[in-house]
1. Once R0 is set to 22 Å, what does the formula 1/(1 + (r/R0)^6) return for the Cβ-Cβ distance between Arg16 and His128, expressed as a FRET efficiency to the nearest 0.05?
2. With the chain treated as a Gaussian network of Cα nodes joined by springs under 10 Å, which of Leu211, Leu113, Leu196 yields the largest mean-square fluctuation?
3. Evaluate the relative contact order of the chain (contact order divided by residue number), counting alpha-carbon pairs under 8 angstrom at least 6 apart; express in whole percent.
4. Any idea what diffusion coefficient the chain gets from Stokes-Einstein, in µm²/s, Kirkwood Rh on alpha carbon pairs, 10 °C, 1.306 mPa s?
5. Can you pull a Stokes-Einstein diffusion coefficient for region 3-54 at 4 °C (1.567 mPa s), Rh from Kirkwood over Cα pairs, as a whole number of µm²/s?
6. Which GluC sites (Glu not before Pro) does region 139-223 hold that lie in a coil by DSSP with at most 10 other beta carbons within 10 Å?
7. Quote the FRET efficiency, to the nearest 0.05, computed for Val34 versus Ile230 with a Förster distance R0 of 41 Å and r equal to the Cβ-Cβ distance.
8. Of Ala18, Ala124, Ala152, which is the most mobile in a GNM of the chain whose springs link Cα atoms less than 10 angstrom apart?
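Just so you know, all these numbers are worked out from the coordinates, no wet-lab data involved. Please read all numbers here as calculations on a predicted model, not as lab measurements. Methodologically, a virtual Cβ is constructed for each residue, glycine included, from the backbone with ideal geometry; neighbour enumeration extends over all protein chains shown.
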Amino acid sequence: MPLNKYIAHCGLCSRRKAVDFIKDGKVTVNGQTVTEPATKVTAKDVVTLQDKKINLTKNLVYILLNKPKGFITTTDDPEGRKTVMDLIKGATEDERVYPVGRLDRNTSGLLLLTNDGELAQTLAHPKHNIKKIYQVELDKPLTKGDFEKIIAGLTLEDGVALVDALGYVDPKDKKQIGIEIHSGKNRIVRRIFEHLSYSVEKLDRVMYAGLTKKTLNRGQWRHLSEKEVILLKHFKK
């Protein structure tokens, strides 16, 4: 298989990130530095990344976490802050998983962690239109006029922000909003409302790629079922 795909299948990173490692001269095959990501390799080849031998991952792991506020979505933090990895200690034996995409520190909700680099790249890629649903609590009621502006598509500093669906969670409390979106742009939900002078008091991702928080309390995690993994793989097609 291509070298960048091989590295992704070792559970270390996405294929895209593997390309960067290869082009930066950090990968060797059978003792020779290789800078072409499409170089074909097999399981018999000795591949190193940053001077460490890597092996194809035999046991793919898929973990769904209901992230609380206050945790950084990263595998480690130089400042010593709490990360999502602190929440899933004991979830794997030797497999090293990493988050698919990210939720900012003050956002709670569903986060997928896996060592399936190919799937992680697919889910994170904009062209696959992976749907996410968020529940938002604003500092004031969302007006009908602003509701319609969001539905029509707001022009932000990095382009038009399109939403797939928008609704009031409770017709009697118009500060509680449900929003469905497939954009992967950074802080997109917060920026949509901030653009219209609202402050987002709470932001919770309640659905990601067909996965929901059912039976998963805040701070808890679980392994995906075989059926759920198959459904996720379906997004790749």
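1. Working from the Cβ atoms, E equals 0.95.
2. Comparing Leu211, Leu113, Leu196 in the GNM, the peak value goes to Leu196.
3. Relative contact order for the chain comes out at 21 percent.
4. The diffusion coefficient I find is 82 µm²/s.
5. 125
6. In loop regions of region 139-223 (DSSP not H, G, I, E or B), the sparsely surrounded GluC sites (Glu not before Pro) are Glu157.
7. 0.75
8. Of Ala18, Ala124, Ala152, the Gaussian network model singles out Ala152 as fluctuating most.
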